[in-house]
Each structure stands twice: as C-alpha cells, then as structure tokens.
Amino acid sequence: MKLRGLLLALAFAPAALVAAERNDVSSCYAAAKIEEFRTPPSGRMLTVVVDQTTPLTQDLQRKAWGHIKRFVQPGDKLRLYSFSAYLDGHYTQLRFAGELERPLDPAVIGDVPMMSTRKLDNCLKGQPQQMFKRFGQAFSQAMGTSSSDIPRSEILFSLKEIAQDMHKAGGVDDNVVFILSDMLEYSDFGSFYVANGIRTIDPKVELAKVEKQNLMADFGGARVFVHGAAFVPTTAKNGYRSGKMIQNLQGFWSQYFEKSNAELRAFGNPELTATLE
C-alpha cells in the first residue's frame, strides 16, 4: 500500500486499531484466545491521585490502600497518577492503568470450548493478585518518593490534566476519584500555607483566583474522595488546625469540584472514614 493510502486508512480506522488503551494487566480472554466472547466492563473506573508533596504516615498509606482494594471489583478499571511540581521526576505521571475482567456471560458459555472456559476461569482467579501486585509497586514508589521538601505543588494544573485524560478511557460512565493530598498548596499563585502553618481563607476569594486563571476542570460527573486533607507532619511548627480552617478548606474544594463537574463526597482531614462508592 502506498504511503498516502496507508495514512488515509489510519485516519478512518477505529480508534482502538490506531492506539490501544493502556492496560498493565494481562488479558485472560486474550490468553484463552476467546476475545470475541469477552464480557463488557462494568463501566466503573477508580482514579487514584497521589500528591508527592504530602508525605503521609505509614498508617494513612495503609488506610488508603484498604480503601482501594475494597472498591475495585471485576470489570472495573484502576488508574494511578502522581504529581507535585513541574520538576524532573515529579511532574504529572500515569504510573498504572489496568482492568479486572469479568467472567463469561452465562448466555454464551455454551458457545465456548470447554478447555478455553477452564483456562479463562483459572486465569481470572489470579488476575486480581496480578493487578494489585503491579498497582502496589507503583503506589509504593509514588508514596515512597513523596517529600515535603518539594518546593511547589501544582494541584490545579495536575487535576485539570488528569481530568482530561480520564475522558479518554473507553467504556467508562461511572468515575470515582481518590485524591491523597493535604490540598493546601494548590498552585504557584496560591497557597493555604503561612509561616509553615495553615492560614484562614475565604473560599469565594480563593475560587475567584482559580477561575481567573482558567483552571477549572471537567471530571465528567465524578465522585471525589480526599484522604490527607490539611495533613501537617508532627515535626512542623505552627501546625495547629482549627475547625474553622478545615471548614473553609473543605468549602473551597467543594465549590471547586462543583464547578469542575464533580461532587466532593468526603473530605478526610486527614483520614478518610467514608467508604469509596
């Protein structure tokens, strides 16, 4: 085929043929060679976002891990992003993208060779372990390189970029976003820190600054959960957090997500006690 013909063919080819969606988990349907019988995904995707300027304690990290494992079910997609400042090794990164497959639809089992069915079932039994092992490695690395010494956190720029990327996931109509961050230093033009502590803010004033910078995102109706909000290491001076400070901080982010086509369901300050759903 001549070059021009090839380019035209690619231009009109289905997107899946041009660039397959990233999946760090091996497909059991592909291994069993019965991809034509693949059960459609659930439509749910959990997007985990790690702010690397927030070095959460081991206990808070374990609690976050528990939330993730309890949420993900067969048919779900799982992604992991990390961000901080636009520095080498700390810019926004997609560290993991995977999907758990669902068993065969009972309606088609009779059409599938028995040996292939057995191979698929055995593979599906081990698929969650494979997913969480690979996700866990990426999660551990992201958390392990988190540091309060990183000078700036670009939460707003990163969230806008991540929201845009979420729209590219195929077959997803139910998004949940799980953010691990203190939610304090949100850009190079704004921060809720003062003298190594947390300042009292006016949510409306801060939100106006964000709108002026055109940093609202589009999360496609996602439900958002935050873990680690207002977290201050015990070694930090002036780390006192009053109820009013927390209330204003939550008020700002609630309004931000509402204007970014999302709903802030729970705001863990710092521990998220609600269930991801």
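Tell me, yes or no, whether region 85-108 has at least one residue that is among the hydrophobic types (A, V, I, L, M, F, W, C), in contact with a helix residue (DSSP H, G or I) (Cβ under 6 Å, 6 or more places away or on another chain), more than 28 Å from E161 (Cβ to Cβ) and surrounded by fewer than 17 Cβ atoms within 10 Å (Cβ to Cβ). Within region 85-108, one or more residues are among the hydrophobic types (A, V, I, L, M, F, W, C), in contact with a helix residue (DSSP H, G or I) (Cβ under 6 Å, 6 or more places away or on another chain), more than 28 Å from E161 (Cβ to Cβ) and surrounded by fewer than 17 Cβ atoms within 10 Å (Cβ to Cβ).
Among the residues of region 236-248, is any among the hydroxyl-bearing types (S, T, Y) and at pLDDT below 95? Yes, there is a match, as at least one residue in region 236-248 is among the hydroxyl-bearing types (S, T, Y) and at pLDDT below 95.
So that you can scan it fast, the table gives a plain yes or no per residue for (1) at pLDDT 95 or above; (2) among the polar types (S, T, N, Q):
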position: S187; (1), (2): no, yes
position: S191; (1), (2): no, yes
position: I198; (1), (2): no, no
position: K212; (1), (2): no, no
position: L215; (1), (2): no, no
position: F219; (1), (2): yes, no
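With the structure loaded, tell me whether G126 is among the small types (G, A, S), surrounded by fewer than 16 Cβ atoms within 10 Å (Cβ to Cβ) and not in a strand (DSSP E or B) or whether it fails that test. Here the answer is yes, as G126 does meet what is asked.
All conditions in (1) over 29 Å from S260 (Cβ atoms); (2) not in a helix (DSSP H, G or I) hold for G98, with the sole exception of (1). In region 250-264, the residues that are surrounded by fewer than 22 Cβ atoms within 10 Å (Cβ to Cβ) form Cβ pairs under 8 Å with partners that are assigned to a helix (DSSP H, G or I) and basic (K, R), at six or more places apart or across chains, as follows: Q255/K204. Scanning region 30-52 for residues that are crowded, with 23+ Cβ neighbours inside 10 Å, assigned to a strand (DSSP E or B) and out of contact with any Gly (no Cβ under 8 Å at 6 or more places or on another chain) turns up M45, T47, V48, V50. Scanning region 53-64 turns up at least one residue that is within 15 Å of I179 (Cβ to Cβ), modelled with pLDDT of 95 or more, surrounded by fewer than 22 Cβ atoms within 10 Å (Cβ to Cβ) and touching a helix residue (DSSP H, G or I) at 6+ places or on another chain (Cβ under 8 Å).
Residue-level analysis places N261 among those that are at pLDDT 90 or above, under 20 Å from the mean Cα position of the chain (by Cα) and among the polar types (S, T, N, Q).
Restricting the search to region 114-146, which residues are of a type outside the set (S, T, N, Q), without any contact (Cβ under 8 Å) to a residue 12 or more places away in the chain and over 29 Å from M166 (Cα atoms)? Matches in region 114-146: M114, M115, R118.
The values are calculated or read from the model by the stated rules, or taken from the named source; none is laboratory data. This is a predicted model, so every value here is computed, not measured. Cβ: placed from backbone, ideal geometry, glycine included. Neighbour counts: every protein chain shown.
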